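Below: one structure, written as structure tokens.
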Number of protein chains: 2
Amino acid sequence: MSFSEFDLIEKFFSGHANRDDVVLGIGDDAAVLNVPAGQQLVVTMDTLIEGVHFPAETSAEDIGYKSLAVSLSDLAAMGAEPAWATLSLAIPAYDKTWLKDFSHGFLTLAQKYNVALVGGDTVRGPLSITVQLHGFVPAHKVLRRDRACNNDLIYVTGTLGDAGLALAGLQNNLNLEPMALKRLRKRLDSPTPRVEAGLALRGLASACIDISDGLLSDLAHITNKSSVGAEIMLQHLPLSTDTEQYIAQSNDWNMVLSSGDDYELCFTVSADNKTRVESLLTASGCTCIGKITLQAGIRCLYSDGSLYESDKTGFDHFAV
Amino acid sequence: MSFSEFDLIEKFFSGHANRDDVVLGIGDDAAVLNVPAGQQLVVTMDTLIEGVHFPAETSAEDIGYKSLAVSLSDLAAMGAEPAWATLSLAIPAYDKTWLKDFSHGFLTLAQKYNVALVGGDTVRGPLSITVQLHGFVPAHKVLRRDRACNNDLIYVTGTLGDAGLALAGLQNNLNLEPMALKRLRKRLDSPTPRVEAGLALRGLASACIDISDGLLSDLAHITNKSSVGAEIMLQHLPLSTDTEQYIAQSNDWNMVLSSGDDYELCFTVSADNKTRVESLLTASGCTCIGKITLQAGIRCLYSDGSLYESDKTGFDHFAV
């Protein structure tokens, strides 16, 4: 019995492209797609590598889910509506169960956001997953990093630090209670991409980014590109009960400020738009954590106004 | 001294997006692009892995070149005009010389075809390169695999088998004269994507594919999708002098019929379009190698009409 790569791709991944803007999906040299009139195309590409972007013991289903979720999170940060994905999958060997579970995780999330898988590549190699995701945004409605203004309010969706805490627990750098680890691990392995929040923020947020490398590191992209600074109020950072407990015991705010994999949105809003934004983002939740300043740099303050000194600025694959 | 992945990407790859349809290139969560009115978007994704898609001793410049060339070849097979690329690069460690050479190979070819690099990802991992390439084709002008008709003539561009012969020489399966190996290796390491030929074939070819896995394997995609068969005349297969010599000595037609990495186009044309196609494809050259038949399957014939029996059908990453 012989499985060619073509059989393999078709077996696990075809038959899910059900959008009428797909002229030609999987099965030719390239996909052919119709971008709606008046919309700009938004494209993002992410690669996930075992041991770097997910722990080796992550389930195939969670890997499939997460490999699409991180790209959905990028499109959310642009205010874009997801449409089409391509997937390049390098796997060490043909493993039917793994592929079935991986494709289930990937395609279930794809279906939720009406994303058609339109092409890709399958090769033999060390486990590595690259997803390119395409979406649309009406011309001039895209959310960028470089438009934050002095006195804009800084918001984040959801809660921060849970994924970092889970990773520390898995790596045995921390002793976590099993139930807490289980809850936190869900946030690490299957983050919720804030697609609806991103769409709601079109025309309302002055700048937006998704938090993949840690709040400070990603907010710094906004402040640097916008030539401004920021003040963050530690007591306003939104925390899950588990992370709140950890902070109460350790005062290790770096876990919240600088650990990666949150996949929440961080965005800035003028005071005029405060009420409207808070009423629109009820599903994901959103919390005002500080404000944009003219003074450059990012300062993190305790409730008494004293400065928290952080020596880390976020996850960096090539820091030496 | 610390190089972050952001520095790294910007250092080697930014500043080359000079197309006015790029609204936002490298440096945000995603790129924002304008697809011209009346054009369909064509997207292809390919992953190259060391030891699978290129020998370990391949130069960084050739790897950079080839990783874009294979995607350009896919777009050529669709009759699409290349526009934007994204690049995901997994590298084991930060190596300035390697990155400089890789980006030089990639960007030189990109510039030749006016391709803007608009985004991507850089991660630490075993060497692996994924390129997604976007192009345009006017609505309904795309070249597909599934429209070949009985009696259509089958053509290929360039010459076949050179890359396969080079690989066999490098792997010491064959003893090649050093100068011959050098010539053949150029075909393996820096194939010429047939972009101009693909554009010229719009509205003329009934079906088209690029030969990445070997002529028989790729032509079989055309015949299967079009529900037809094919007859190939061995004496008409276009060969370089080096490959011609090898065949004269070995009669090993499998090297020409089934080895991968040619990156020539294989296409079908009705007899009515024969003269026009031959006059248009002078740069790449094109050779009629056989014809489409109603009878299913692909038959390869010697000049006396006797059948060549091939036991291979092309390169397959997951054949077991």
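The conditions of being buried (at least 23 other Cβ atoms within 10 Å of the Cβ), touching an Asp or Glu at 6+ places or on another chain (Cβ under 9 Å) and part of a helix (DSSP H, G or I) are not met by B:TYR263. Out of the residues in region A:274-294 that are out of contact with any Leu (no Cβ under 6 Å at 6 or more places or on another chain) and β-branched (Val, Ile, Thr), which is farthest from A:LEU153 (Cα to Cα)? By that ranking, first place goes to A:THR282.
Listed conditions (1) within 30 Å of A:THR223 (Cα to Cα); (2) in contact with a Phe, Trp or Tyr (Cβ under 6 Å, 6 or more places away or on another chain) are all met by A:ASP152, apart from (2). Restricted to region B:55-82, and to residues there that are of a type in the set (Gly, Ala, Ser) and not in a helix (DSSP H, G or I), the residue that is farthest from B:LEU33 (Cα to Cα) is B:ALA56. Selection of first residues in region A:270-288 that are assigned by TED's automatic domain parsing to the domain that holds A:LEU199 and of second residues that are assigned to a helix (DSSP H, G or I) and β-branched (Val, Ile, Thr), restricted to Cβ pairs under 7 Å at least 6 apart or on distinct chains, gives the following pairs, ordered by first then second residue: A:CYS286/A:VAL277.
Considering region B:297-320, and only residues there that are touching a helix residue (DSSP H, G or I) at 6+ places or on another chain (Cβ under 7 Å) and more than 14 Å from every other protein chain (Cβ to nearest Cβ), the residue that is modelled with the lowest pLDDT turns out to be B:SER310. When B:ASP46 is tested against (1) of a type in the set (D, E, K, R); (2) in a helix (DSSP H, G or I); (3) buried (at least 20 other Cβ atoms within 10 Å of the Cβ), just one condition goes unmet, and that condition is (2). Just one of the numbered conditions (1) under 21 Å from the mean Cα position of the chain (by Cα); (2) touching a residue at least 40 places away in the same chain (Cβ under 8 Å); (3) crowded, with 22+ Cβ neighbours inside 10 Å is not true of B:TYR246: (1).
Tell me which residues, restricted to region A:295-310, are part of a loop (DSSP other than H, G, I, E, B) and touching a Leu at 6+ places or on another chain (Cβ under 8 Å). Break it down into steps so the answer makes sense when it comes.
To start, the set of residues in region A:295-310 that are part of a loop (DSSP other than H, G, I, E, B) comprises A:295-296, A:302-306, A:309-310.
Within region A:295-310, A:TYR302, A:SER303, A:SER310 qualify.
Candidates are the residues of region B:193-210 that are in a helix (DSSP H, G or I) and of a type in the set (Gly, Ala, Ser); the one that is nearest to B:PRO82 (Cα to Cα) is B:GLY198.
If we only count strands (runs of 3 or more DSSP E) wholly inside region B:83-192, which ones have 3 or more residues that are touching a residue at least 24 places away in the same chain (Cβ under 8 Å) and away from chain A (no Cβ under 14 Å)?
Numbers: elements: B:116-124, B:128-138, B:153-157.
Answer list for region B:83-192: B:153-157.
The residue pairs whose first member lies in region B:22-36 and is in contact (Cβ under 8 Å) with a residue 24 or more places away in the chain, whose second member is of a type in the set (Phe, Trp, Tyr) and assigned to a strand (DSSP E or B), and whose beta carbons are closer than 9 Å, counting only pairs six or more residues apart or on different chains, are B:VAL22/B:TRP84; B:GLY25/B:TRP84; B:ALA31/B:TRP84; B:LEU33/B:TRP84; B:VAL35/B:PHE136; B:PRO36/B:PHE136. The number of residues in region A:157-201 that are at positive phi and modelled with pLDDT of 95 or more comes to 2. Number of residues in region B:20-64 that are within 19 Å of the chain's Cα centre (by Cα), more than 10 Å from chain A (Cβ to nearest Cβ) and under 19 Å from B:ASN114 (Cβ atoms) equals 1. Being of a type in the set (S, T, N, Q) and within 14 Å of chain B (Cβ to nearest Cβ) is a description that does not apply to A:ASN254.
Could you list, in sequence order, the residues of region B:244-254 that are part of a helix (DSSP H, G or I) and over 17 Å from B:CYS266 (Cβ atoms)? Quick ask: steps written out before the conclusion?
So the first thing to find is which residues in region B:244-254 are part of a helix (DSSP H, G or I), and the list is B:244-250, B:254.
Once the filter is applied, which keeps residues that are part of a helix (DSSP H, G or I) and over 17 Å from B:CYS266 (Cβ atoms), region B:244-254 yields B:GLU244, B:GLN245, B:TYR246, B:ILE247, B:ALA248, B:GLN249, B:SER250.
The values are calculated or read from the model by the stated rules, or taken from the named source; none is laboratory data. Bear in mind that the values here come from a model prediction, so they are computed numbers and not experimental data. In this analysis, Cβ positions are derived from the backbone assuming ideal geometry, glycine residues included, and neighbour counts consider all displayed protein chains.
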